[in-house]
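Step one of this worksheet: look at the structure below.
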Amino acid sequence: FTSFTYQHDQLFAESASLIEIAKEFGTPCYVYSRAALMAAYQEFHRAFAGRDHLICYAVKANSNLAILNILARLGSGFDIVSGGELQRVLKAGGDPQKIVFSGVGKNQDEMRAALTAGILCFNVESEMELLNLNQLAKEMNTIAPVSLRVNPDVDAKTHPYISTGLKENKFGIPMAEAERIYHTAAHELTHVRITGLDCHIGSQLTEIDPFIEASSKMLALLDRLENQGIHIEHLDLGGGLGIRYHQESPPPIEDYVTALCSRVGQRKQRILIEPGRSLVGNTGLLLTRVEYLKHAPHRNFAIVDAAMNDLMRPALYDAYHEILPVVKKSGGVNTYQVVGPVCETGDFLGHDRQLSLTQDDLLAVMSTGAYGMSMSSNYNTRPRAAEIMVDGHAIHLIRARETIEQLIAPEKILD
Ligand code: LLP
């Protein structure tokens, strides 16, 4: 974590003290590093080295407006999956001509909003969606730019809940039907224009091979389509590059991009990718405070003020996040179950962690920049955490902690 380092046994976010942040904004809160975010984007960008490309950040990983705006200012594009994400990107200053719209269940309102905004491309996931989009575009007297998301039937070798490229998954159009549907789009539908070809095989991939296998299948299809006179302007190879949470060793961004580019070879198509986690995952941490220590027979519990509603990944995928003390101490190490206040046994942030703890200590749950805040909820009527962006010494509140009043305001009691 290049932006999160110890200085004299105290953990800092860039040049900002986490102790100060906790004092000023309270806990739990997410803390992000602007430098780390910009560095990750630049690493992707540089690796494309002159090749025509567009990095479309997968907004679902972390959709805070400040993060979207920093990426937009760097020239990033965006991969959205809802009308809500569209509004966020536009509000954050994103260029509509750099937006691709993914998702199996886009509804009519969302499609209309995207057509009105003039996005770069709809990543269409079924024949029915294509027909629907054609009809809507016709009613709006416009042409919808489309790419078919094809399911390459590749094993991404990742957690089954986040694997998307196997033929039994709900995503994409089966390879065997892709050509027929491209022909329908090209020759029968008057209000769609084919611009691209797309796939996405899963998330948190730690090997390059599945990406190469999927790219090879996509390129073979692309060549067949071009031979049949169907011109493809861009090839979208999706997201999915993993990060290091614990002992994984995913390929470096540069190796991944270079491998994709060399597979595409001399072909002229613009390359799109949709990274989420690999852009933001290691640029954030969740800052939490120890409320109570509790010693049950054979188990020590550290009950902290962050919970599964703040960070769902451990409960949902049994995901591992490193948990670091904000102040390093010597001695008195115990094995702790780090758990939250929510009334479920699944409410844990980490099992069997070796820590030296006393009440009120601060802990940092690492690698939580992606799918942390964006998957949070209000379960147990817990207001969602504050979000803070550090930039050198500067500390910016980019989302205020929710209040209970805000949570219950939309609700109504019967007369
Ligand atoms: N493109 C599409 C069409 C996607 O469905 C996704 C993620 C991405 C791009 C970005 O993938 P990434 O580069 O972040 O791996 N909540 C899970 C991850 C779900 C990913 C869903 N799709 C987690 O916390 O691990």
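So which strands (runs of 3 or more DSSP E) stay within segment 10-60 end to end and still have 1 or more residues that are closer than 15 Å to I398 by Cβ?
Answer list for segment 10-60: 10-13, 29-33.
Restricting to segment 220-245, give me the number of residues that are of a type in the set (K, R) and assigned to a loop (DSSP other than H, G, I, E, B).
So the answer is 1.
For F301, work out the one condition from (1) touching a Lys or Arg at 6+ places or on another chain (Cβ under 9 Å); (2) under 23 Å from R401 (Cα atoms) it doesn't fulfil.
Exception for F301: condition (2).
Residues being of a type in the set (K, R) and in a strand (DSSP E or B): count how many of those fall in segment 167-208.
1
Any chance you could count how many residues in segment 246-262 are of a type outside the set (A, V, I, L, M), under 20 Å from the mean Cα position of the chain (by Cα) and more than 17 Å from E213 (Cβ to Cβ)?
Within segment 246-262, residues that are of a type outside the set (A, V, I, L, M), under 20 Å from the mean Cα position of the chain (by Cα) and more than 17 Å from E213 (Cβ to Cβ) number 5.
I'd like the residue in segment 188-232 that is of a type in the set (G, A, S) and touching a residue at least 60 places away in the same chain (Cβ under 8 Å) and, out of all such residues, is farthest from Y245 (Cα to Cα).
G196
Among all residue pairs at least 6 apart or on different chains, which show Cβ distances below 9 Å where the first residue, located in segment 65-87, is in contact (Cβ under 8 Å) with a residue 40 or more places away in the chain and within 15 Å of the ligand (Cβ to nearest atom) and the second is part of a strand (DSSP E or B) and polar (S, T, N, Q)?
Sorted first by the residue in segment 65-87, then by its partner, the pairs are D79/N123.
Give me the pairs: first residue in segment 301-327 and at pLDDT 95 or above, second residue buried (at least 24 other Cβ atoms within 10 Å of the Cβ) and assigned to a helix (DSSP H, G or I), beta-carbon distance under 8 Å, and six or more apart or on different chains, which are they?
Close Cβ pairs (under 8 Å, with a partner that is buried (at least 24 other Cβ atoms within 10 Å of the Cβ) and assigned to a helix (DSSP H, G or I)) amount to D310/M373; V326/L18.
Quickly run through segment 154-179 and pick out the residues that are in contact with a helix residue (DSSP H, G or I) (Cβ under 7 Å, 6 or more places away or on another chain), within 16 Å of the ligand (Cβ to nearest atom) and more than 27 Å from Q97 (Cβ to Cβ).
Within segment 154-179, V154, D155, A156, K157, H159, Y161, G165 qualify.
For segment 367-404, enumerate the residues that are away from the ligand (no atom under 16 Å from the Cβ) and assigned to a helix (DSSP H, G or I).
Y379, N380, T381, I404 - these are the residues of segment 367-404 that are away from the ligand (no atom under 16 Å from the Cβ) and assigned to a helix (DSSP H, G or I).
The values are calculated or read from the model by the stated rules, or taken from the named source; none is laboratory data. Note that the structure is a prediction, hence the values are computed from the model and not measured. Positions of Cβ are backbone-derived with ideal geometry, glycine not excepted, and every protein chain shown enters the neighbour counts.
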